[in-house]
Amino acid sequence: MKYLICIFIAFSTFSCESQIKNEDIFTLSISPAIDQSNTENQKIIQILSNFLETKNTSLTQNQNWLESDFEKYIYPYKDIFKIERSKHGENYFKPTLMEIIKASENKKILKIGFVGTNTETEETTIIAIYNIVATRVETDWKLQRAIEFQTKDWTKINKESITYYLPERKRPNEKEMEMQKKDIEFICDFFNTNSIDIIYYSCDTPKQLFETKGFDYLPNMYFSETGGMVDYGNIIYSGNNSEYYTHEIVHIYTKKLFPSIQPILNEGIATYIGGSGKNNYDWHREKFKVYLNESEVEIANHLQPYERFYIDNETPIPYMIGALICERTLRKYGKEGLMNLLGSEKELWDNLNDYGLTKENLTNEIKTTANTVYN
């Protein structure tokens, strides 16, 4: 709480300082801590201003951003794309350049806060504090993701198709790396495909995960004690203090093999193969079976995979619904049927109807599958 109070005080000071404005698009406030008489700072501020003014028009190109970032990360500033949006308006969260910190002769760290003020209640909300690197390119400056700077002292380990990055002082878990290697072999065999080169950031916690991506603050950093995500460029972020995260790795393969896969099936097949969190599918399946037999849940109402609906804050119910749909399809229609289900471009219910699932019978079919013991 003390930290957040300090941030609010800082931002109340910034609001009185100089601003670069385009009233219809955004207002960039500049902290009084920044020397605006410095020629290099002036160039960097202008580049940042140009970027913020144009970033929401495209994720695939921006002349103010380093071109090589698009090749490596595909959508390098996706984390702050349209971050200004709120129910209060398109440009509610205004950017403030808090600091310009020298990292080297050719790199500077830009700390940007996004803050909204409700004009009716005068309440102030911080949505994010985000770091971007300004890199000197000949006589000019370009912007780039902060992840390489954030992990410059991390240990790099190559293991077959995975390149691991581990925080300082963290010892690699060789047993987990070997387990992950075997799971990737299973995934390739299951989908009849070749291995994909993957970059894996093995973070200790979700908080460190978001810091690795460039955030000093984001509410999501504190939602859970475990978790992870997959990103464009075949990148895995694990916040589980682990070198083993098959669930997220499955997503990299499904994204390539089934571009049109519906989200509930995408999370379902990843859970079926890789479990969820720190537990495997069989563990979650048993918990879900007990839950189904003791509740009156209507399965068709819970097909949004990112609904926060858990058993004991461990087993995500939508993920398990998707997993049991995949299991049922595999057992009734074989591998070919499952691959067709995952790869279908049909609307979800039209797709499920082809495999005997309707809104009316889905609950019973899922319960039946969960309660069936297979050899």
Handout entry: Calculated P(r) tail over 20 Å for the stretch 214-330, as whole % of Cα pairs
Key = 42 percent
Practice task
Express as a percent, rounded to the nearest 5, the fraction of DSSP beta bridges in the stretch 175-286 (both residues included) that run antiparallel.
Solution key: 55 percent
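About the Cα centre of the chain, how large is the charge dipole given +1 on each Lys and Arg Cβ and -1 on each Asp and Glu Cβ? Please answer in debye to the nearest 20. Intermediate results must be reported in sequence, preceding the final value.
On the way: 42 positive and 54 negative charges, 113 e Å.
About 540 debye.
Tally Lys and Arg at +1 and Asp and Glu at -1 over the other residues with C-beta under 9 Å from the C-beta of I101: what net charge comes out?
Values: positive: K102, K108, K111; negative: E99.
Spelling it out: positives minus negatives among the neighbours equals +2.
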Exercise for the section: For D79 paired with E105, estimate the spin-label separation in nm (one decimal), with each label point 7 Å from Cα along the Cα-to-Cβ line. Expected result: 2.9 nm
Practice task
Taking the Cα atoms of the stretch 14-172, report the difference between the largest and smallest coordinate on each principal axis, in whole Å and largest first.
Solution key: 56, 37, 31
Problem - Exceeding the 21 Å Cα-Cα cut-off - candidates K107/K213; K175/K213; K72/K102; K102/K152; K256/K335 - result: K175/K213; K72/K102
Practice task
Can you tell me the 0 to 90 degree angle between the C-alpha axis of helix 317-343 and the longest principal axis of the chain, rounded to 10?
Solution key: 60 degrees
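One-quarter of the Cα convex hull surface for the stretch 154-217, in nm²? Numbers along the way, then the final one.
Details: hull surface 20.2 nm².
That works out to 5.1 nm².
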Exercise for the section: Kindly state, to the nearest 0.05, the FRET efficiency for R169 paired with E120, given R0 = 35 Å and r defined as their beta-carbon distance. Expected result: 0.10
Fill in the blank from the handout: Relative to the chain, whose Cα atoms define the longest principal axis, helix 39-54 and its Cα axis are tilted in degrees, nearest 10, by 40 degrees
Practice task
Label the stretch 116-174 by shape, choosing from rounded, prolate and oblate, from the square roots a ≥ b ≥ c of the eigenvalues of the Cα gyration tensor; if a/c is under 1.5 it is rounded, and otherwise prolate applies when a/b is larger than b/c, oblate when it is not.
Solution key: oblate
Exercise for the section: Quick one: grab the alpha carbon gyration tensor of the stretch 264-364, order the square roots of its eigenvalues as a ≥ b ≥ c, and give me rounded if a/c is under 1.5, else prolate or oblate depending on whether a/b is larger than b/c. Expected result: prolate
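Based solely on its DSSP helices, what 222 nm [θ] is calculated for the chain when runs of n ≥ 4 H residues each add -39,500 (n - 2.57) and the sum is averaged over all residues, nearest 500 deg cm²/dmol?
Working: 12 runs with 147 residues, N = 375.
Taking each H run of at least 4 residues, the total per residue is -12000 deg cm²/dmol.
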Completion exercise
Taking every DSSP bridge whose two residues both lie in the chain, the antiparallel percent to the nearest 5 is 80 percent
Exercise for the section: For the chain, just list the percent of Cα-Cα distances falling in each 20 Å bin from zero outward, please. Expected result: 25, 50, 24, 1
Practice task
Report in % the part of the accessible area of the stretch 184-251 that belongs to carbon and sulfur, leaving out ligands and nucleic acids; probe 1.4 Å.
Solution key: 44 percent
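From Cα pairs below 8 angstrom and at least 6 apart in sequence, can you work out the relative contact order of the chain, rounded to a whole percent?
Numbers: 587 pairs, mean separation 35.4, N = 375.
Rounded, it is 9 percent for the chain.
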Problem - Order by protection proxy (mean Cβ within 10 Å, highest first), peptides 309-321, 326-338 - result: 309-321, 326-338
Completion exercise
So, over other residues within a Cβ distance under 9 Å of A323, counting Lys, Arg +1 and Asp, Glu -1, the net charge is -1
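Heavy-atom accessible area per residue, the chain, 1.4 Å probe: how many Å²? Can you show the working numbers first?
On the way: 18930 Å² over 375 residues.
Accessible surface, normalised per residue, equals 50 Å².
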Handout entry: the stretch 130-261 - Kirkwood radius from inverse mean 1/r over Cα pairs (Å)
Key = 15.8 Å
Exercise for the section: For helix 281-294, report the angle its Cα long axis makes with the longest principal axis of the Cα atoms of the chain; keep it between 0 and 90° and round to the nearest 10°. Expected result: 70 degrees
Handout entry: Viscosity 1.306 mPa s, 10 °C: Kirkwood-radius Stokes-Einstein D of the stretch 275-333 over Cα pairs, µm²/s
Key = 134 µm²/s
Exercise for the section: Using a 10 Å cut-off on Cβ atoms, rank the peptides 92-99, 76-83, 358-365 from the highest mean neighbour count down. Expected result: 92-99, 76-83, 358-365
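The values are calculated or read from the model by the stated rules, or taken from the named source; none is laboratory data. Small disclaimer: the values here were computed from a predicted structure and weren't measured. For neighbour counting, all protein chains shown are included, and Cβ atoms are generated from backbone atoms with ideal geometry for every residue, glycine included. Heavy atoms of the whole protein, side chains included, go into the accessibility calculation; ligands, DNA and RNA do not. Shrake-Rupley method; radii C 1.70, N 1.55, O 1.52, S 1.80 Å.
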